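The values are calculated or read from the model by the stated rules, or taken from the named source; none is laboratory data. Since we're looking at a predicted model, the values are computed, not measured. FYI the Cβ positions are ideal-geometry reconstructions off the backbone, even for glycines, and counts take in every protein chain you see. Just the protein is used for accessible areas: all its heavy atoms, side chains included, with ligands, DNA and RNA removed. Shrake-Rupley method; radii C 1.70, N 1.55, O 1.52, S 1.80 Å.
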Amino acid sequence: MQAQYIQIGEIVKPQGIRGEVKLRAMTSDMSRYARLETVYFIEGGEYLPRKVLKGRANGGFAYLLLEGVTDRNQAEALRGRGVYVDREHAIELSEDENFVCDLVGLTAVSTEGAVIGRLTDVLTPNSVCDVYVFDTPRGEMMMPALRRVVREVDVEAGCIVLDEAALAEVAVWQDEGAERDE
């Protein structure tokens, strides 16, 4: 089941003295922050809207000026809070893209039908490709999200189909020691 709200950032600190906040951005489209009209914060288990007065991005971070946040102390009180948008206002994805929040929790199966494990995290170490982290019976397994390995992603069915042969070439398992040239 797809989440109704998607996290697009986390407030890391106040920016200046007039209530602006600095966010660790969680999106591939940094220009989206300038177009935001409303964001949501989780309060008491509910997503509550907050109007965005101004948004911008610079140097890999996003900055928001929010309605009702007029000084540094009010901005400081928001430190560590997740910033969300509703799915209706999420960025458009291409046909072969998915939101990370929709992928985490999916069950990985091999092309032969064997259950491999559950996706627990998606790391973005660089702009080349993401790294999928799975919890498996053998322990944690990490693999690059390459098309030759990831054969199918079916969010509705809750599974990711991985090519078993390609996976054997690229997967790194927690229980494997580092190979050394000696």
Segment 72-135, relative contact order in percent, only Cα pairs under 8 angstrom and at least six apart counted: 18
Aspartates and glutamates whose Cα lies under 14 Å from that of LYS51, excluding same-chain neighbours fewer than 8 positions away: GLU20, GLU37, GLU67, ASP86
Given charges at beta-carbon only (K, R positive; D, E negative), |dipole| of the chain in Debye: 1320
Alpha-carbon centroid distance for the pair segment 21-81 / segment 123-159, whole angstrom: 29
Carbon/sulfur fraction of accessible area - segment 64-182, other protein chains in place, 1.4 Å, %: 45
Segment 48-148: GluC sites (Glu not before Pro) in DSSP coil with no more than 14 other Cβ atoms inside 10 Å: GLU67, GLU92, GLU95, GLU97, GLU112
Candidate aspartates and glutamates - alpha carbon under 15 Å from LYS13, same-chain residues fewer than 8 apart omitted: ASP71, GLU76
Positive-end residue of ILE8, LEU146, ALA62, charge dipole of the chain with Cβ unit charges: ALA62
Mean projected area in nm² (Cα convex hull; one quarter of hull surface) for the chain: 13.4
